[in-house]
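The numbers here are math on the coordinates, done by the rules we state, and not lab data. Everything quoted here is computed from the prediction, not taken from an experiment. In this analysis, Cβ positions are derived from the backbone assuming ideal geometry, glycine residues included, and neighbour counts consider all displayed protein chains.
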Amino acid sequence: ALENRSREQLAAVEHALDKFAKGTYGRCDICGQPIDPARLEALPQASLCMSCKAKQAKDAKGKPPTG
């Protein structure tokens, strides 16, 4: 489980670096709106704005567990 979490974190950081190189860092992957700078300061690899992240979490709650 720890190894899987580390891989997920590494993928998120690499995605953020790729967005930085493309000039899209700080923009939400879903809606394209700017991500709050305070969110990026706390979680530099954040790829979703709070609105889209909340919607994603809400949608995930309604799905049956996998595995």
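Before moving on, here are some points about what is shown:
- Some residue of region 42-50 being among the hydroxyl-bearing types (Ser, Thr, Tyr) and touching an Asp or Glu at 6+ places or on another chain (Cβ under 8 Å): yes
- Within region 13-67, the residues that satisfy the criterion of being surrounded by 15 or more Cβ atoms within 10 Å (Cβ to Cβ), part of a helix (DSSP H, G or I) and hydrophobic (A, V, I, L, M, F, W, C) are ALA16, LEU40, CYS52.
- Residue satisfying all of: in region 19-67; more than 12 Å from the chain's Cα centre (by Cα) and among the β-branched types (Val, Ile, Thr); farthest from ALA1 (Cα to Cα) among these: THR24
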